[in-house]
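Undergrad: Sending over a structure as structure tokens; questions will come in a sec.
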Amino acid sequence: MTIHCRGEELILSKEKAIYWPSKKMLIISDLHIGKSAHFRKSGIQVPATIGAGDLARLGAQIELYQPEILLITGDMFHHTINSDVALFADWRHQFSNVKIVLIKGNHDSLKAEDYADLDILVQEKELLMAPFRFIHDKPKVADAYFNITGHIHPGITIYGKARQRLRFPCFYFSDTCAVLPAFSAFTGLSKINPDEGAAFYAITPLNVVKV
Amino acid sequence: MGIEKSKGFKAVLKWLKTSKKKPFSFQSDAWQYYAEGYCGLVNAPTGFGKTYSMFLAVLIEELNRQADLPAKDRKKIDKADAGLKLIWITPLRSLAKDLARAMREVCAELEIDWTIGVRNGDTSAADKLKQKKLMPEVLIITPESMHLLLAQKGTSNNFKNLRCIVADEWHELIGSKRGVMAELAISRIRGLVKIQSPERLLRIWGISATIGNIDEALDVLVPYPELLKVIVKADLEKKIVIQSILPDHIDMLPWAGHLGHKLAHKLLPIIYKSKTTLIFTNTRGQAELWYQNLLKLDENLAGQIAIHHGSIDYELRNWIEDAIHTGVLKAVISTSSLDLGVDFKPVDTVVQIGSPKGVARFLQRAGRSGHSPYETSVIYFLPTHALELVEAAAIKEAARTQDIEARQPVVMAFDTLIQYLVTLAVGDGFDDQQIFNEVRETFAYRELLPSEWAWMMQFITTGGESLTAYTEFSKVEKVDGLWKVISRQIALRHRLHIGTIVSDAMLKVKFITGGYVGMLEESFITIIKPGNSFTLAGRVLEFIMIKDMTVLVRKSKLKTAVTPSWMGGRMSLTANLGALLRKKYNEALDKTHADEELDIIFPLFERQARVSHVPKDDEFLIELINTKDGYHFFAYPFEGRLVHEVLGALIAYRLGKVKPISFSIAMNDYGFELLSEQPIPLDEDNIKQLFSPDHLGEDIVASINATEMARRKFRDIACISGLVFQGFPGKYVANKHLQSSAALFFNVFSDYDKHNLLLRQAYDEAFYQQIEEPRLAAALHRIQASKVIIVKTESYTPLCFPIKVDSLRENMSTEELGQRIERMTAEADKKSERQK
């Protein structure tokens, strides 16, 4: 689905990514690489296939949109270097022509040289590309920039007649900010209290639907 | 030799005589069987000294042993024989204190120098440490704490001198995974005793109230073929008087609801004329509301009534229990936390508010009053909505005919077994062949296949079947030939989560000036703001803030405030009661009965007959109602909530095969509702086909797949097996990096690890363990043989109303997802435009 935001064209993909054609930029959030391995190390049985599945999906998005830049608005790595991160390193070689920029989230705590080894450019706080500010969590004070964030893993419930309801991950767009869904499949959903005039774009297995 | 001639028996008899008592024959029978090396189950009504039947058996043995010892060697032998002699399993913490007190008294009187220890969630760290150094002779313990004991290092040496394990209130444990925990712990302790003291006979005894499957209850507790076993049944009858609190007119009672406040004023005279009244409610929230309500009706009751439930702080509960003992309280409002065993002498009246859902539970609660032998138990039933009056009539009949339901033992719970294996690995470690053999001997896992065992061993050692999918997995490792947990963090986390009762994360509630009040679910606290008030333990409290995972509060100036809701399973009507209920519906309209409850409800039945129909027990009623909410389909099999849950999904699935359609499904103990936004493809011709018992198995599997039932069951399974951590009051594990949800694991395993046994367990629990297929098939056969009556009406009827207002709903859809979303978003848009 294509939308317009502050005069810019953005494509909302059902694979939980935004493509910004004029900058040839693919934007995702909350990839949480290494989460499943971190769980396994702590004695909780999470199959590694789930992390591999995330990377395969991301690869397919890159093949589809052919971006020059992959921007991740935080929580790219869940915890520390582990076997899942090694899997990512292999994946990185396949897409070495794509520049990866990470805006640090609360989870991103690898060492500077680790990011360098993985060929990832790190922005400590935010990335300003008018009209947008890319940042992990929404800043408290609003200004002229339109904030594009991640962090909260937004979800939406659609209510129908006869007490029916369905729940999906979603994109959230208000007048001042947007929130990306978490890219990783191994994440939960949380509810957002919308501002006046805000829009939700539910991500169904088939497509993206404005709600 | 006969035990009567032994010194121990004579000493006990002499002691009983000092208080002008002599043993009941079931007691002396139990002593005799125990002395002869039997295991068994004592079945006696409450109030006749069930505890003594077992405890004195062990003491007689001890007295006889002492008498046989040569005086000069006594010290030496006693030293070698030190430590645990008797493990006494109780299901409830509140029982332990009173039991210990009674046992200490007996030991003192009989001059037996034994220590009686208590071990449960309320035991202090200092006491636990003391027990670790030297075990008391008698340990009163919950199933969870038994597992915690097994999770201790060096625990294997605790049982060298153990003589007997008693499972008290076994009827209460047998139908749950807590019972499975007891079975497993017993199997391990028995295994240890066999290895360490092969000459010693470890006896296993249970004490149980009457249930429908008492023989099976003994087989579950003592599944070992080489042990002699016996059921000792008391030939005594407890007199119980059941009295309904009736409205003056049926219009005083609502058609639906669970509070029953409208009859509250009729409760006051009962409280006044009784010494102490125990008032049982079905939920903690209901207890809080009734406490407030009684105080509103009569302010003079302040200080004379108290409230008791599982979320109230230990100290406070203790104080209340003591106050009941001393008789200073006029009434106590309680949930199942006071259901069992405790012998409160001053209690002479019991009140049950709302349906007790089962005969056994109701009689159990009645037994809380008139606790002494030959006293009469008095219980009042206060209905919360009109149709519960019929239940009252049914329960009276069941009590009269002693038609008491069975408690089905839980079998093949993989989650509980996985937790147990890790528990052993956290303790002294285990040998897989040895434990496999022990586990296979238990009732719960006698059908366990070697392949399933292998899967579980993989699950805890390598993570799962496919090695590559679980790289870096670490939990249980082999060290010096034994499977152990090495990581201290994993061990700590596991200890905190031993147990099978799953709740939302709980937070402790504390006054800012100090002093704990109780516990709240985290989900409740997230919806109230600082400055707002709520009630807990009967007090109105103002929420200040959350600090260190503790809810800080101060006394509120408000008189009333919102009442927190605690989650917790909804109980389902048992099959026995369901059948009786159908019979009572028959009698109500015919007036062929002697039940005053049915006289009162007669006008409501007339109304039901006028707008719809009152089903006889050879009829099957279906109501079709069209309202602005959509098209409603109500069916009334009267089989209890659990059966209706499965049946509702089954019929929805079969209707969905006729045409693509979406339903929301609701149910109660009488029937179920299917609600759709489009007309339901149903008529006289296809109705019997819909309820056909043909292809039942496959259709059930398909309908469970199409709903959220298995997913909901997985919530508990994920917690018990250690995938997801539930919060612990005061012991919150601050490890955000490892937080996840059961729903997520359900998806992950469904997508990536289909053969996961825990997934299979979720589906099995959704059906096979929830209701037995024969019961469902029997219900369908009955419906086939019934006369189907389809009524189309314009408005809700007295019968359907309680179902319609139930908010807990299941969804089922055979529509194409895309179309469904399109339709639903269009409906939502229309709705929001209307609101503008």
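Undergrad: Restricting to Cα pairs below 8 Å that are 6+ residues apart, what does the relative contact order work out to for the stretch B:612-836? Please round to a whole percent.
TA: Relative CO of the stretch B:612-836 lands at 34 percent.
Undergrad: OK, next. Using helices alone, what [θ] at 222 nm do you get for chain B, with -39,500 (n - 2.57) per DSSP H run of 4 or more residues, divided over all residues and rounded to the nearest 500?
TA: On the way: 31 runs with 356 residues, N = 836.
Taking each H run of at least 4 residues, the total per residue is -13000 deg cm²/dmol.
Undergrad: Per residue of A:181-189, what is the mean number of Cβ atoms on other protein chains within 10 angstrom of that residue's Cβ? List each step's numbers first, then the result.
TA: Values: counts 0, 0, 0, 0, 5, 5, 3, 5, 3.
That average works out to 2.
Undergrad: Sticking with this structure for a sec: Suppose each label sits 7 Å from its Cα in the direction of the beta carbon; what would the B:Asp590-B:Thr376 distance come out to in nanometres?
TA: 3.0
Undergrad: Peptide A:163-175: average number of partner chain Cβ atoms within 10 Å per residue?
TA: Working: counts 13, 16, 4, 8, 1, 1, 0, 0, 0, 0, 0, 0, 0.
Going residue by residue through A:163-175 and averaging, the value is 3.
Undergrad: Taking neighbour counts of Cβ atoms within 10 Å as a proxy for exposure, in what order, fewest first, do A:Thr187, B:Thr513 appear? Numbers along the way, then the final one.
TA: On the way: A:Thr187 23, B:Thr513 9.
In increasing order of surrounding Cβ atoms, one gets B:Thr513, A:Thr187.
Undergrad: For the stretch A:157-211 and the stretch B:355-386, what is the separation of their C-alpha centers, rounded to whole Å?
TA: The distance from the Cα centre of the stretch A:157-211 to that of the stretch B:355-386 comes to 50 Å.
Undergrad: With an 8 Å cut-off on Cα pairs and a minimum separation of 6 or more residues, tell me the relative contact order of chain B in percent. Let's see the in-between values first.
TA: Numbers: 1492 pairs, mean separation 95.2, N = 836.
Across chain B, relative contact order equals 11 percent.
Undergrad: So, in Å, what gap is there between the alpha-carbon centers of the stretch A:47-74 and the stretch B:1-37?
TA: Centre-to-centre (Cα) distance: 77 Å.
Undergrad: Considering only Cα-Cα distances, which of the following residue pairs are longer than 32 Å: B:Lys20/B:Lys76; B:Lys266/B:Lys787; B:Lys616/B:Lys804? List each step's numbers first, then the result.
TA: Values: B:Lys20/B:Lys76 37 Å; B:Lys266/B:Lys787 41 Å; B:Lys616/B:Lys804 22 Å.
Too far apart for the 32 Å limit: B:Lys20/B:Lys76; B:Lys266/B:Lys787.
Undergrad: Between A:Ala89 and A:His4, what is the spin-label point distance in nm, taking each point 7 Å from the Cα along the Cα→C-beta axis?
TA: Going from the A:Ala89 label point to the A:His4 one covers 4.7 nm.
Undergrad: Which of B:Glu199, A:Glu126 has the fewest other C-beta atoms within 10 Å, and how do the rest follow up to the most?
TA: B:Glu199, A:Glu126
Undergrad: Then there is this: Tell me, what is the Rg over Rh of chain B, with Rh the Kirkwood radius over Cα pairs?
TA: Values: Rg = 28.1 Å, Rh = 29.1 Å.
On the Cα set of chain B, Rg over Rh gives 0.97.
Undergrad: Here's something else I'd like to know. For the protein assembly as shown, give the magnitude of the charge dipole about the Cα centre (Cβ charges: +1 Lys/Arg, -1 Asp/Glu; no others), in debye to the nearest 20.
TA: Values: 129 positive and 126 negative charges, 592 e Å.
The calculated dipole for the protein assembly as shown is roughly 2840 debye.
Undergrad: Right, here's the next one. Taking the Cβ of each residue in B:His265, B:His171 as the centre, tally the other Cβ atoms inside 10 Å and list the residues starting with the fewest. Please report the intermediate quantities before stating the final value.
TA: Numbers: B:His265 12, B:His171 27.
With the fewest neighbours first, B:His265, B:His171 line up as B:His265, B:His171.
Undergrad: With unit charges on the beta carbons (Lys and Arg positive, Asp and Glu negative) and the dipole taken about the Cα centre of the protein assembly as shown, which residue among B:Gly518, B:Gly354, A:Gln94 sits farthest to the positive side?
TA: It is B:Gly518, whose Cα lies furthest towards the positive end.
Any read-out appearing in this document is the output of simple, stated calculations on the displayed coordinates, not a laboratory observation. Remember, predicted model here, so these are calculated numbers, not experimental data. No Cβ is skipped: glycine too gets one built from the backbone with ideal geometry, and neighbour counts run over all protein chains shown.
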